[in-house]
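Enquirer: Have a look at this one.
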Amino acid sequence: MQPIEIRIKGQIDRDWSDWLGSLAIVHTTRDETVISGVVRDQAAIYGILHQLSSLGLQLLSVTCTGKDTPDKQGGSVNVMVRD
């Protein structure tokens, strides 16, 4: 299991949580949506990113923390996609 946080531009409906694997959906004051929670593995992360991409949503960042990160040291992987 791996904790993740995905930030996208704009605000999506909180009811989409079920469609995104029951991840939490929080809106920020910067017109962003933060999607966070725990996923099974990296394949689940890619699946969520594919779902968001198919909606044409602008990805801002993906942060993965915890024991299942690529370095296996409990560090974090952070990918920023801001323009």
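Enquirer: Take the alpha carbon gyration tensor of segment 22-62, find the square roots of its eigenvalues, order them as a ≥ b ≥ c, and report rounded if a/c is under 1.5; if not, report prolate when a/b exceeds b/c, else oblate. All intermediate terms of the calculation are to be shown ahead of the outcome.
Expert: Working: a/c = 2.33, a/b = 1.35, b/c = 1.73.
It comes out oblate by the Cα gyration axes.
Enquirer: If I model a spin label as a point 7 Å beyond the Cα along the Cα-Cβ vector, how far apart are those points for Ser22 and Thr63 in nm?
Expert: The modelled label-to-label distance comes out at 2.4 nm.
None of the figures in this text is laboratory data; all of them are computed from the coordinates on show. Not measured: the values here are computed from a predicted model. Using ideal geometry, Cβ is built from the backbone for each residue, glycine included, and neighbour counts are taken over all protein chains shown.
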